[in-house]
Amino acid sequence: MSRKKISALLLLTPLIVLGGNASNLIPQAQSNSFSRNAAVPAVSSQTPTAGTAAFLSLTIPLWPGKPPQFVENAPSETVDEHGRIRMVSVPTLSPYLPPKEKNTGMAIIVCAGGGYGGHDWRTHVIYAADVFNPMGVAVIGLKYRTRPPHKVDNAGIQAITLLDAKRAVRLVRHRAAEWNINPRKIGIVGYSAGANLATNVAANFDAGDPKATDPIEHQSSRPDFAVGLGVWHWRKKESPFQFRKDTPPVFLVHATTDVPLELPLQIKSDLEKLGVPVKLEMFEEGGHGVGNLIPTRVKHGFPPAKWPQLLLNWLATIL
């Protein structure tokens, strides 16, 4: 697939008819031009569902107008042949819903990895939908902002993406009834830099603003659980996260070969001291991509690829 550039923001991308499963659905690149009056589109019955023959590649802006700290005249997004997205300055959600007969009401907002410079969308979002949708769990892909085009330091990109992730939790909770989601079973899952973001949200949520004119802002940004897969903080050993007693339960997946190991171990220790439920699954295989649900890994029973069931089993004991 060649790199694609589209000259206007597509709030709703075209209907794509495909055989097979969600792995065939590649996100559409978007430009960063913006309509001030753009409305968040309603989700129809054609919301993409893994395991069906037809998908609607639905892209929902997190904000109906320009997001806070919007970059004017930014380059257009690009999507390469591997489904990796770069140059994101318009954050969006893409829902992949389970079949109604299997729906459990649980949803996970998935933050793909890519060092805050891009999104490995196919490997982290699409493959997650392939596994979780048949288990009755909705997967909501979060396309948070990246650098470039944002020209900020590490703390700056963490702050911008935290805005995106908190808004994503609010938006999913706001539309929970529409998507047949239990508003008290909304988790956030991240890979690598996405795990950094998911953990950041678990430490820095808020209850919402009941006085806001935007009804979405009334909702809490606290996820009901958080998952860090190969959690990462620029290869530093020390955890930057300041958790609190009402931090949601945290599930960590890590490989013994993915150094430094001090980071996930410190996160676990910090949460235990606060009495927050935490589970660390450590594997000898998988490296930094320990959580990747690559189809061949899933098919052949690769031990780390069993983390979705381990997660659900654990959540059943605490939620």
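Just so you know, all these numbers are worked out from the coordinates, no wet-lab data involved. Nothing here was measured: the structure is a model prediction, and the numbers come from that model. FYI the Cβ positions are ideal-geometry reconstructions off the backbone, even for glycines, and counts take in every protein chain you see.
Values for this structure:
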quantity	calculated
Check: the stretch 179-253 dipole with +1 on Lys, Arg Cβ and -1 on Asp, Glu Cβ, in debye	340 debye
Fraction in percent of alpha-carbon pairs per bin - 5 Å, the stretch 183-240	5, 19, 22, 20, 14, 11, 6, 3, 0
Alpha-carbon gyration tensor eigenvalues x 5, square-rooted, for the stretch 69-165, Å	27, 14, 10
Packing-based ranking, highest mean first, of 165-171, 273-279, 181-187 given that Cβ atoms within 10 Å are counted	165-171, 181-187, 273-279
Modelled FRET efficiency - R0 22 Å, residue 318 with residue 207, Cβ distances, 0.05 increments	0.55
Amide H contacts under 5 Å for residue 112, placed H, 5+ residues apart	142
Gain on full stretching of the segment that runs from residue 81 to residue 259 - 0.36 nm per residue minus C-alpha separation	61.1 nm
Percent of alpha-carbon pairs separated by more than 20 Å within the stretch 116-176	40 percent
Cα convex hull volume per residue for the stretch 12-318 (Å³)	124 Å³
Space enclosed by the convex hull of the alpha-carbon atoms of the stretch 121-267, per residue, Å³	131 Å³
Cross-link pairs beyond the 28 Å C-alpha cut-off, checked among 166/211; 211/236; 236/299; 102/299	211/236; 236/299
Selected from 304, 292, 97, residue furthest toward positive end of dipole (the stretch 12-318; charges at beta carbon)	97
Subset of 66/143; 100/279; 151/237; 100/185 violating a 19 Å alpha-carbon distance limit	100/279; 151/237
